[in-house]
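Here's the structure, in structure tokens; my notes come after.
The values are calculated or read from the model by the stated rules, or taken from the named source; none is laboratory data. Everything numeric here is computed off the predicted structure, so don't read it as measured data. Cβ atoms come from the backbone with ideal geometry, glycine included; neighbour counts cover every protein chain shown. Just so you know, the surface numbers come from the protein's heavy atoms only, side chains and all, with ligands and any DNA or RNA stripped out. Shrake-Rupley method; radii C 1.70, N 1.55, O 1.52, S 1.80 Å.
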Amino acid sequence: MKLYCLSNDPNKPCHILTFREITVMLDCGLSMQSLLNFLPLSFVPSNRLLNLSNYMPPDVSDPDLEGELKENGERIFVDSPPEFGPPLDKLIDFAQVDVILISNYMCMMALPFVTEGTGFRGRVYATEPTLHIGRLLLEELVIYIEQCPKSSFSSQWKNYVHKCPSPFKEAFMPKSWKQIYNMSSVNASLSRIQMVGYNEKIDVYGALQVIPASSGYCLGSANWIISSDHEKIVYLSGSSTLTTHPRPMDHNALKNADVFIMTDLTQTPISNPDSMLGVLCVVVSLTLRGGGNVLIPCYPSGVVYDLFECLSAKMQESGVSNCPMFFVSPVADTSLAYSNILAEWLSTAKQNKVYVPDEPFPHALLVKNSKLKHFKHIYSDGFSTEFQEPCVVFCGHPSLRFGDVVQFIELWGNNPKNCIVFTEPDYDYIEALAPYQSLQMKIAHCAIDTSLNFTQANKLIKDLKPTTLVVPETYTKPPVSAPNLTELVIHNTPEVNLIPYKWGEIINLPVKRKQGQLFIETDVASKIVPVEIKPGLSLSTVTGTLNVKDNVHKVQDILDDQKLLNKNVKYEWGSVNINEFKQKLFQEGITDAKVESLGGNVVVIHLQDEDALIQLEDNNTHVVCNGDEALRTKLRNIVMQCLKTF
Amino acid sequence: MPELKVTPLGAGQDVGRSCILLSIGGKNIMLDCGMHMGYNDERRFPDFTYVTPDGPLTSYIDCVIISHFHLDHCGALPYMSEMVGYNGPIYMTHPTKAIAPILLEDMRKVSVEKKGEQNFFTSQMIKDCMKKVVAVTLHQSVMVDNELEIKAYYAGHVLGAAMFWIRVGSQSVVYTGDYNMTPDRHLGAAWIDKCRPDLLISEATYATTIRDSKRCREKDFLKKVHECIDRGGKVLIPVFALGRAQELCILLETYWERMNLKAPIYFALGLTEKANNYYKMFITWTNQKIRKTFVQRNMFDFKHIKPFDRQFIDNPGPMVVFATPGMLHAGLSLQIFKKWAPNENNMIIMPGFCVQGTVGHKILNGAKKVEFENRQIVEVKMSVEYMSFSAHADAKGIMQLIQYCEPRNVMLVHGEAEKIAFLKEKIQQEFKIDCFNPANGETNIISTPVKIPIDVSLPLLKAEAKKFNALPPDPKRRRILHGVLVMKDSNVCLMDVDDACKEAGINRHVIRFTSTVSINDNGPSVSTAHKLHTFLTDKLPQWGVTFSEGEISVESVLVKVEGDDDESQKTVYVSWTNQDEDLGSYILGLINVMGQ
Ligand SMILES: [Zn+2]
């Protein structure tokens, strides 16, 4: 069994697992840190961005590079449509991938890169919410980028990255970066997905069984249990033990794995999501009461649902409930609609509302009462008439490189009464804001990441007792942001065999298959006669026709057309007692047996009249005679009477 | 031979009161727990004394499975769990869990408050009963206990309707409940994979019908409604609040829009608004088209259809009214019927099946007068139309389902006796499998093949594969697996004999025989050996006869030739182990004959 690591971002994972000749891709995450190196896309030309000065690395005078790089406050940006870091395609040919398992909608953004134009012919499995909401994320991304077409694509800069200052210099593998896919690739790719339910057993070519188990992180999020008849592999991706809107995490299913692959832990190991939510509520109330607007960059699904619920209650309490919330995204309406029809994937509290029947989320009510207003874009019909300040705006994209958020920063950035609040943990907010500096608006950082932190992860491992634990190498060292916090790692304990892995590596996983499984059918089973060798242990021979179909082995009764086949083979065991043997010979009328000891428990018995010889040893007997079958049969019976059989 | 035991307490050669007991691998399962709409006495509930003469059922039943919310499938549930007594788990889908208690409460009100029945279950009992319900999602594998596994499949009959696959060990059964194999205006078609159950228990409501195309039936329905409205008549459509009602509403709504009709369409208040809400929230259970468009336009927000008020019964002029219940056995639909029946301009459209004993059943059978409990006699002059809109599988659909899941046996329930008997014939002929049709209280025993999973050592499998692959390809050649089953405590593993002996801590004793035969053949002994090889290869076509270093071998049998090249007499040694006794002595015999 081997594990290939194709993504350098543990929170946008992509692995390949090979086992029993099946190639499984675990998640299909798209690394988007690359975005921070690009200038924001604005669908209203921004003078400020247009007037940024060109940058040329020291000692470089390449005319083709002219104008590709821009500079703002010591940060370098590429003036080109943004590019993304797809999974590494050098280690494995995607055409060979049999199955792709998607854990949650945040881990499938690279799917079109993997399945389209690569010869991929396998199956993709994801839960229903993962498919629906994943579609929203993919579509939103494509719309955001396509609505701001750039006239030129820059490429020369990739040759000079090493000559640029940090952090631009540290950009990871820029030559492998790709432009975003188009909508037809998105549709083609998503049409390959087969929807599955939690605890649904999916057969993979008879060799493996995969089961998604609820992971508690977001709507439809799953961990995967991959098992053969004797081995169990658990793949844990985005998981949460906190109580929010999704169905809680299913621990039981993850127990006693031979191999436990753990990834996608929290990106904010130091802060606690509950206190961050508290800070967020205070910041919003204060800003609104001070007459300022709040801008919350977000994804169109996920924690944002909890924020609507929580903030609306908080705003009521703080007397600013007359300030509206705006949710602006090309998929805002669909996201809100879907959240209310996926009851079966929600926490019990939310599920019970559906039985009334009430909508599981209060945002349907908020929309009805005009507390929450949603629009596809800020230039959509009705937005300008509905728009009122002060207000709270939720919009994308959290990288601040495209989407309506770019316009809102332009609009509100120069007023210190306004505040931008970072709640999504995917991007460093300082880097995200770099192309906009210097801004007057306030900046609050309340990243809410509900996925497992290190304490929770270590406790989980202790409870689940895997034999081998496989984690990204970064999880074995304290976070770069807090090198002194040595407790923020996955502990290496004697109970677990810990294997770290890095991007681009192929790891051998210590699972040695010794046993397989087969099925015995009625006729064969009825012929089994167990012989008790000692208390608690019996043996029986089994002979049958082997039928192998789709990796499933079945043993059936042998038809009579196979002549001479001994269908009831038995084995002898033990040793022959010489005296007993001689006595039996005598009883059968053989009286001329001459016993000769050859030493070392080897005895030869000559039957002179019969012209035969029997050599007896501890573990074998050799009967040598001429072609006289009657004699041989007689001798055979005598030998067998002296031995035990099964 | 392991077996399955099935006893219908209801729905055996009958429609209504579905309740089937299944024994599988030592587990007892109750499939549905319905009531019969045609009776007001104790016959309306299944006879649970069959399970145990008295006392609670908990220790006799491992779980109860409810296929969908129709009362003929879940109407006796509170009675069974709260009055007879059952505390075990009850499984149903989420929509069924949401909707069933509402229908139960509605039915309870009609029975107790309107008909004054005694000894009926209470509202609290419905609530207590629902607390025992475990909601399941489609395709989720649910372990009821360590051995009993169930899984729901989409049945397409009403919102949330499911077929259930049930497994214990290697035995499995599929119970369909009611299902529909053709997608309709709001639901998709039933679907199941090739799960090859030992037994498929299928409903057979429309066992002998091959329904004409859906489109024709719809056209016919709209034409009849339109004609009645044109002549100023009133149309009564008795429906269940959930299910067919929503489909017919979508149908009329679009027709009214297209034809620009003005006559009012009413939907009897009560369940309906709520009902449409359920459809909105469980939209993932509807068909693809509705699911795709629900963000833009919710199909269940109706423009032309307005809530009904009792006072409208006597309003003049044409109107269309949907009212519950569907079989015209009680409630508002019956009340409206009594008022409108004597007028020949009016029309009643029965869009579904009606069980025996109901008013619906009577008028469908042409009754011109209906007598009620209080001696009231109602003349039926209105036209009575039957439109089979009930979403059940027809004969073709049932055959299709059998084809999909490839059962070893079929059992037909939930259908009239003669119709079931007819279909049974057809299934046996077409699929060459056994088909059962037990009556209520009758037990059928179905034996099932054993398929025991055991561990097998990989070296044993690999050795077999290597040996098989080494032989020249022959499509007729069978792969033979031979090994020793080691049964140690609860572990069972098949391995080769040497490993088995090691595992058992014993020494194997090998018996070998060597017999000598003299034959006359001139030339070197190698050429004699070659001749023997050719001879044996010819005589033993199914065996791999090999020749190397002057020795011929077949399995453990070795044949060697000795003798001087210039002497014609050669000695042939034939040697084999006791395990190849038959083969060895056969080869010896062949060579003996050759030597003579
Ligand atoms: Zn039904």
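Numbers for the structure displayed
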item: Sole exception among (1) hydrophobic (A, V, I, L, M, F, W, C); (2) over 25 Å from A:V282 (Cβ atoms); (3) crowded, with 21+ Cβ neighbours inside 10 Å for A:I409, by number; result: (2)
item: Residue selected from segment A:602-621 under the condition within 10 Å of chain B (Cβ to nearest Cβ) and in a loop (DSSP other than H, G, I, E, B), by the criterion modelled with the lowest pLDDT; result: A:D611
item: Qualifying position, being within 14 Å of chain B (Cβ to nearest Cβ), touching a residue at least 40 places away in the same chain (Cβ under 8 Å) and of a type in the set (F, W, Y), among A:Y181, A:Y198, A:Y217; result: A:Y198
item: Per-region count, segment B:514-529, residues open to solvent by 30 Å² or more (accessible area, probe 1.4 Å) and in contact (Cβ under 8 Å) with a residue 12 or more places away in the chain; result: 6
item: Unmet requirement for A:F586, which otherwise passes all of (1) open to solvent by less than 50 Å² (accessible area, probe 1.4 Å); (2) of a type outside the set (K, R); (3) in a helix (DSSP H, G or I); result: (1)
item: Tally of residues being touching a strand residue (DSSP E or B) at 6+ places or on another chain (Cβ under 7 Å), surrounded by fewer than 24 Cβ atoms within 10 Å (Cβ to Cβ) and of a type in the set (S, T, N, Q) across segment B:13-43; result: 2
item: Qualifying residue in segment B:499-510 (condition: more than 9 Å from every other protein chain (Cβ to nearest Cβ) and modelled with pLDDT of 85 or more); result: yes
item: Residue within segment B:47-66 that is within 16 Å of the ligand (Cβ to nearest atom) and at pLDDT 95 or above present; result: yes
item: Identity of the residue in segment B:173-202, open to solvent by 10 Å² or more (accessible area, probe 1.4 Å) and in contact with a strand residue (DSSP E or B) (Cβ under 7 Å, 6 or more places away or on another chain), that ends up farthest from the ligand (Cβ to nearest atom); result: B:C195
item: Helices (runs of 4 or more DSSP H) within segment A:422-531 that include 1 or more residues at pLDDT 95 or above; result: A:429-433, A:454-464
item: Any hit, segment B:150-157, residues being open to solvent by 10 Å² or more (accessible area, probe 1.4 Å), modelled with pLDDT of 95 or more and of a type in the set (F, W, Y); result: yes
item: Residue match in segment B:494-513 (condition: over 23 Å from A:V531 (Cα atoms) and surrounded by fewer than 14 Cβ atoms within 10 Å (Cβ to Cβ)); result: no
item: Segment A:317-334: number of residues that are assigned to a helix (DSSP H, G or I), surrounded by 18 or more Cβ atoms within 10 Å (Cβ to Cβ) and not β-branched (V, I, T); result: 1
item: Among (1) touching a residue at least 40 places away in the same chain (Cβ under 8 Å); (2) within 14 Å of the chain's Cα centre (by Cα); (3) under 18 Å from B:T205 (Cβ atoms), the one test that B:C435 misses; result: (1)
item: Selection count where residues are open to solvent by 50 Å² or more (accessible area, probe 1.4 Å) and under 15 Å from B:E581 (Cβ atoms), scope segment A:619-635; result: 5
item: Residue list for segment B:102-120, filter: open to solvent by less than 40 Å² (accessible area, probe 1.4 Å) and either of a type in the set (A, V, I, L, M) or in contact with a Cys (Cβ under 8 Å, 6 or more places away or on another chain) (or both); result: B:I102, B:L103, B:L104, B:M107, B:V110
item: Leading residue by the ranking (modelled with the highest pLDDT) among those in segment B:203-234 that are in contact with a Gly (Cβ under 9 Å, 6 or more places away or on another chain), open to solvent by less than 20 Å² (accessible area, probe 1.4 Å) and not in a loop (DSSP other than H, G, I, E, B); result: B:E203
item: Top-ranked residue in segment A:421-446 [being open to solvent by less than 70 Å² (accessible area, probe 1.4 Å) and of a type in the set (D, E); ranked as farthest from A:L35 (Cα to Cα)]; result: A:E424
item: Filter pass, B:P473 being away from every other protein chain (no Cβ under 14 Å), under 50 Å from the mean Cα position of the chain (by Cα) and either part of a strand (DSSP E or B) or surrounded by fewer than 17 Cβ atoms within 10 Å (Cβ to Cβ) (or both); result: yes
item: Strands (runs of 3 or more DSSP E) completely within segment B:366-448 that count 1 or more residues being open to solvent by 40 Å² or more (accessible area, probe 1.4 Å); result: B:369-371, B:377-379, B:383-386, B:434-436, B:444-447
item: When residues of segment B:371-382 are limited to those that are modelled with pLDDT of 90 or more and in contact with a helix residue (DSSP H, G or I) (Cβ under 8 Å, 6 or more places away or on another chain), the one farthest from B:G352 (Cα to Cα); result: B:V378
item: The listed residue being buried (at least 19 other Cβ atoms within 10 Å of the Cβ) and more than 29 Å from A:A343 (Cα to Cα), out of A:I261, A:I296; result: A:I261
item: Hey, B:I445 within 20 Å of B:R167 (Cα to Cα) and more than 14 Å from chain A (Cβ to nearest Cβ) or not; result: yes
item: Residue match in segment A:524-538 (condition: open to solvent by 60 Å² or more (accessible area, probe 1.4 Å) and more than 14 Å from chain B (Cβ to nearest Cβ)); result: no
item: Residue in segment B:144-171 that is farthest from the ligand (Cβ to nearest atom), counting only those that are within 14 Å of another protein chain (Cβ to nearest Cβ) and under 10 Å from the mean Cα position of the chain (by Cα); result: B:W165
item: Residues of segment B:67-101 classified as within 16 Å of the ligand (Cβ to nearest atom) and in contact with a Cys (Cβ under 9 Å, 6 or more places away or on another chain), total; result: 10
